[in-house]
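Notes to accompany the following structure.
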Amino acid sequence: MQIFFQNVIGGIEAGSMYALAALGLVLIYRTAKMSNFAQGTIGMFNAYIAYFVLARTNLPLPAVAILSVIVAFVVGALIELVIMRRASSTIPMGKPIMTLGLIIIFQGLAPMIFGPVPFQFPRFVQKPALDIAGVKMLPNTLVIISVTIILVAILFYVLQNTRLGLAVRVTAANETTARLMGVPTRAVSLGAWSVATALGALSAIMVAPLTSVTVTMMETIHLNSFIAAILGGFSTFHGPVVGAFILGVANNIISYYISSKWVVAILYTCILAFTIFKPQGLFGKAFVKKV
Amino acid sequence: MTEQPLLKLTNVEASYGSIRVLKGINIEVPRGQIVALLGANGAGKTTTLRAITGLVKVTGGSIELEGESITRLPTEQVISRGVATSPEGRQVFAELTVLENLKIGAFALRDRSLVKKNLARVYAFFPVLKERHKQIAGTLSGGEQQMLSMGRALMASPRVLLLDEPSLGLAPLIVRDIFQIIKDLNSEGATILIVEQNALQTLKVAHYAYILEVGYLILQGTGRELLNNPSVKAAYLGGHIH
Amino acid sequence: MNKSTTFLPTLMPMLRLAWKKAWFRYVSFGVVLAALPLIPGMTSSNATILGSVVYFSIAALGFQVLLGYSGQISLGHTAFIGVGAYVSGYIVKELGLPFPLAVLAAAVLPFILGLVLGLIALRLEGYYLAIATLGLAESIRIVFIEAHGFTRGFSGFFSNYPRVLGYQFNKGSTYVFMVAILVALMILVYNFINAATGRALAAMRSSQSAAQAMGVSLFKYKLMAFAISTGFAGIAGAMYMHFFRYSDPTIWNSGLSLNLVVACIVGGIASIEGAVIGAAFVVAMPELLRIVPGLGSINGASFVLSGVVIILVLLFYPGGLVNVASDIGKLRSRLSKGSKHPERSTEYVAE
Ligand SMILES: Nc1ncnc2c1ncn2[C@@H]1O[C@H](COP(=O)(O)OP(=O)(O)O)[C@@H](O)[C@H]1O
Ligand SMILES: [Mg+2]
């Protein structure tokens, strides 16, 4: 039973990173009506920058983390302003394909600038593991999970209870009508790009100490955040978050009890099979418009 | 008309890509009046409203609101200057509650007390919206959704209200209610530009009306004039006269 | 009057007429492509690059049917190429079965995989196919690494040039064979997109809403396009395996999938020639950059550049490189019209 809980906690920790990234994906998907395939790669690039700032200055880790999230926020805005906004008349699928172009650029740049050697990123909290009824938990894990929960709670509060959140939700629901209500929908997608990129960067900073800083460090997280969004459903903001935690825990359980080699294949096949029966995802609903 | 019209369209042209949809439209909406824009499906009525609100690019002519040009302004700015729309097909936000829908209607307003006042006024006009303020808008009936769509537009304290086919797809009894509401709104001072296919009902409430045919205005006159015009009778009122 | 002056005027109109036929253009193109290694001074490594272009063109051609004509994205196509490579290698090397059968299997297996995955993923809206293919590719990559008996894992799978009916191919003849396959597939795709199916796909790409009205058939066409693209990927893999005679899991990485997107966009979306031009761009650019002083030593410069190019093309030249020749022609005729020297037209009259 202790081992089981150990796996669950590990799953929640991984799920936290998927959740932040998935929230970023769904924000852009709903407001800008496109998929940002480059979110993970940009996060990776940010982790490199964070590593170097940390190595070359005396700034404490939390300050560096916040700094790099701010940088990502600006980078997201720039991508929207410089590229996406100008691409309104490109071919269908042009915008998501441009994010593939961004992947190529950042994946190529990273080893050029930072070199091919992986870097070891320090944990937020260095203290040794706590022992809770036989279940070991690093204080760092606790930090990751709490930061995620707090952030997700704040974001949902804003979405659900503020004027800004309402603007985001109506832009997501129907952009044209939102504009007719006076909502500056372009500013909303600009904001969504910024917040999403920042979330992706935060996710990368959280994973960095657990793996190491490499070009491919975000590949699994990025793919899993997409799959979490599919599992939870792209049509709500909370679905992908819940999907992320389910995915994280399921991943650990299958890996431990069934096969660590084939866990990815098993998990993806299960989720693919799940979408046969519930194409809208766990929380997705197809609203029938009344005439 | 000696007084300056509230909303004035002069030779307005608009296209979708290479297809010219509006080929020079002149419309005047005087303050406090109901002006109707009638025409068959595809004539360009919705496009005219979209041109006013900046959702479609105006390629020629000008649009003025109380003498100030709003031609080619971004939609948000047109809205914040006091143009509110109840769009074709109502377009309520189905996943949001009735109250949230009304709140978003007042998005352009900064003054909170004004928002409160408007909400009270909308509730007074549409008591059903008050009863159902927590209900998800997608679950309202068609007539209720139309009321919500109009109420949402009213939340912005608009100087002019644009209604796009408010009677579309509603049962005759409900249609009568909707037109009564339009009349009541107007008698409380609202200036309304209404687009309709239901010519008979519309001409009964409209002070003035224009008839649009594939991008051109072909006829205009007071509601009564058009009601009695033989060609209007033949083309637009045929099936409706009992 | 010598012979050639009487011969040419009769030949030219015939050629011009034939040029209008797509198959004639593609076959001529194939003849030129096949003859390229014969150019004096062509090194063996250049011939290898040409082989790369041809194999990648086959995959890009299939990808064009998917991206260009049905407007869907796959991010895991490299896995299907890999499957084609391993399957063909295994059938010839381990099972001792004939090469043509191996190519067939290398096409059919990914085709079926594509059908099954498409049946599930294409029913979902948005970019599910992109994610589903990415997920599948990740799973298949693990198979490549772990299924040692089939792929040899990281030790790599070695194979030989093809042998057909007792004839042993060498590097040169394998190359010619690949060109022949490419030309045949170009003609096949041309016929596919000019048949009803392709027209439906084109309509679908330009107006989703109009196509929505087509309901079920829309799904059928998307599925067809996807399965064709995976089948072509498999054939490309078989070609790779028997031209390069080696495969290991690191070759089938996600960067290769992205390069397929680059090829189709940069070459020219929804264009058969564009797929080939794009493939040549993707394969040849790193080699060309190597010559550029300064840039050549930087690892990954070409990768970064192709990322920049794809964004620039989408922003400023969405038709892709395939339009360059005709656009330059247009520009020149506009310039010559603009300049008030009607020399060109008088020249034509004089002829
Ligand atoms: N988004 C669009 N793209 C292209 N053509 C359009 C679009 N919207 C409307 N049209 C065309 O413009 C014309 C006028 O449409 P519309 O203004 O909606 O007519 P109405 O509201 O009078 O029924 C129609 O021929 C219609 O097909
Ligand atoms: Mg209309």
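Among the residues of A:156-163, the average count of other protein chain beta-carbon atoms within 10 Å of the residue beta-carbon is 1.
Charged side chains reduced to their Cβ positions (Lys and Arg at +1, Asp and Glu at -1) give region A:171-291 a dipole of some 440 debye around its Cα centre. Mind grabbing the interface size between B and A? I mean buried accessible area, both sides, 1.4 Å probe, in Å² to the nearest hundred. The B and A chains share an interface burying roughly 2400 Å². For peptide B:91-98, the mean count of partner chain Cβ atoms within 10 Å of a residue's Cβ comes to 5. Could you let me know the centre-to-centre spacing of region C:257-307 and region C:139-198, using Cα atoms, in angstrom? Going from one Cα centre to the other spans 21 Å.
For the peptides A:258-264, C:70-76, A:19-25, the ranking by mean Cβ contacts within 10 Å, running from highest to lowest, is A:19-25, C:70-76, A:258-264.
Per-residue accessible area (protein heavy atoms, 1.4 Å probe) orders A:Phe274, C:Phe316, A:Phe106 as C:Phe316, A:Phe274, A:Phe106, starting from the largest. Contact residues in region C:142-174 by the 10 Å² criterion (accessible area, 1.4 Å probe, full protein complex versus chain alone): C:Ile142, C:Val143, C:Glu146.
Among the listed pairs C:Lys93/C:Lys171; A:Lys278/C:Lys222; C:Lys20/C:Lys171, those whose Cα-Cα separation exceeds 23 Å are C:Lys20/C:Lys171. DSSP beta bridges confined to the protein assembly as shown are antiparallel in about 65 percent of cases. Sorting A:Thr148, A:Thr211, B:Thr97 by solvent-accessible area of protein heavy atoms yields A:Thr211, B:Thr97, A:Thr148, largest first, with a 1.4 Å probe. Computed with a 1.4 Å probe on the full set of protein chains, the accessible area for C:Trp19 sits at about 130 Å². For region C:22-254, the fraction of 1.4 Å probe accessible surface lying on carbon and sulfur atoms is 69 percent. In region A:98-116, burial by the other protein chains removes 40 Å² or more of 1.4 Å probe accessible surface, compared with the chain on its own, from A:Met98, A:Leu100, A:Ile104, A:Ile105, A:Met112. In chain A, one over the average inverse separation of all distinct C-alpha pairs is 19.8 Å, which is the Kirkwood hydrodynamic radius. What residues of region C:89-130 lose no less than 50 Å² of accessible area with every protein chain in place versus their chain by itself (probe 1.4 Å, heavy atoms only)? Residues losing area: C:Ile120, C:Arg123, C:Leu124, C:Tyr127, C:Tyr128.
Our estimate of slack between B:Thr97 and B:Ala171, defined as 0.36 nm per intervening residue step minus the Cα-Cα distance, is 24.2 nm. Taking the accessible area of chain B, probe 1.4 Å, and keeping the other protein chains in place, the carbon and sulfur fraction comes to 51%. Farthest towards the positive end of the charge dipole of region C:14-172, among the residues C:Phe56, C:Gly166, C:Gly82, is the Cα of C:Gly166, using unit charges on the Cβ of Lys, Arg, Asp and Glu. Mean partner shielding of peptide A:169-178, defined as the number of other chain Cβ atoms within 10 Å of each residue Cβ, is 5. Dimensions of chain C based on its C-alpha atoms, expressed as ranges along the principal axes with the largest first, amount to 72, 54, 46 Å. For B:Thr59, the residues 5 or more places off, or on other chains, whose built amide H falls under 5 Å of its own are B:Glu13, B:Ala14, B:Ser15.
Taking amide H as placed 1.01 Å from N in the peptide plane, the amide H of B:Gly221 sits under 5 Å from that of B:Ala209, each at least 5 places away or on another chain. Chain A and chain C together bury an accessible surface of about 3700 square angstrom, both sides counted, with a 1.4 Å probe and no ligands or nucleic acids included.
Only aspartates and glutamates eight or more places from B:Lys45 in sequence, or on another chain, were considered; those with a Cα closer than 19 Å are B:Glu13, B:Glu28, B:Glu64, B:Glu88, B:Asp164, B:Glu165, B:Glu196, B:Glu213.
Across region C:22-254, C-alpha contacts under 8 Å between residues 6 or more apart give a mean separation that, scaled by the residue count, equals a relative contact order of 42 percent. In the full protein context, region A:2-277 carries 38 Å² of accessible surface per residue, based on a 1.4 Å probe and ignoring ligands, DNA and RNA.
The values are calculated or read from the model by the stated rules, or taken from the named source; none is laboratory data. Computed from a prediction, not measured in an experiment: that's the story for all the values here. Note that each Cβ is placed from the backbone with ideal geometry, even for glycine, and that neighbours are counted across all protein chains shown. The accessibility values were calculated without ligands, DNA or RNA, using every heavy atom of the protein model including side chains. Shrake-Rupley method; radii C 1.70, N 1.55, O 1.52, S 1.80 Å.
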